[in-house]
1. Quick test for you: out of 100, 60, 34, pick the one residue that is modelled with pLDDT under 95, of a type in the set (S, T, N, Q) and surrounded by fewer than 19 Cβ atoms within 10 Å (Cβ to Cβ).
2. Answer yes if at least one residue in region 85-96 is within 20 Å of residue 36 (Cα to Cα) and outside any strand (DSSP E or B), and no otherwise.
3. Starting from region 146-164, take each residue that is in the same structural domain as residue 52 (by TED's automatic domain parsing) and list its partners that are among the small types (Gly, Ala, Ser) and assigned to a strand (DSSP E or B), counting only C-beta distances under 7 angstrom and pairs at least six apart or across chains.
4. Among the residues of region 63-79, what is the count of those that are over 21 Å from residue 110 (Cα atoms), modelled with pLDDT of 95 or more and surrounded by fewer than 17 Cβ atoms within 10 Å (Cβ to Cβ)?
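The values are calculated or read from the model by the stated rules, or taken from the named source; none is laboratory data. Worth saying up front: this structure is predicted, and the values here are computed from it rather than measured. Here Cβ is always computed from backbone atoms with ideal geometry, including for glycine, and neighbour counts include all displayed protein chains.
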Amino acid sequence: MRISFLGFLVFVAMACSDNGILNPPPPPEIPISQLQASPDTILVEGRRLYLTTYLWRDFQPFSPPDGKPLISLVYITAIDTTQLPESITSDAVWIVYNDQVWRSWFTNEPGGPSELKPYLIVKIAREGPKWGPNVSVDVIVRVTDGRGNSQFLRAPNQPIHMTI
């Protein structure tokens, strides 16, 4: 019994570490120049896509005095507004502010408006840096087709809003 409990504790410790199951390493580092060279529209599986965002930090009274970390909501949208194939996905975001880059995997939260608007892929990344508010950033996402081919898609000069 003591050995299996010890094994369980080791498993929990590893899962909570930076290299564990629950905390995977962030997406790969990519040079800022390469991220900022990403196009603002891409063609994936015959569909032309563009990116819009809503970025914010929470400063409501129950928040810490310096606000909560950045939340990134991204909308990958088909220009023709017809349903996107389920094979088109996105898993990661890179946000560039001056010479800094925050990179994150998207959460597994439900798609929100994409359930009502099948021409959208809606993704969320949380626990970002405490940049802004009232600054602009470039947002870049990785979009992958059904064959595993990836492209980067960029929305430049996106404002970071604040909730109060």
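1. After ruling out the rest, the residue left standing is 60.
2. The answer is no; no qualifying residue exists.
3. 157/136; 158/136; 159/136
4. Qualifying residue count, region 63-79: 1.
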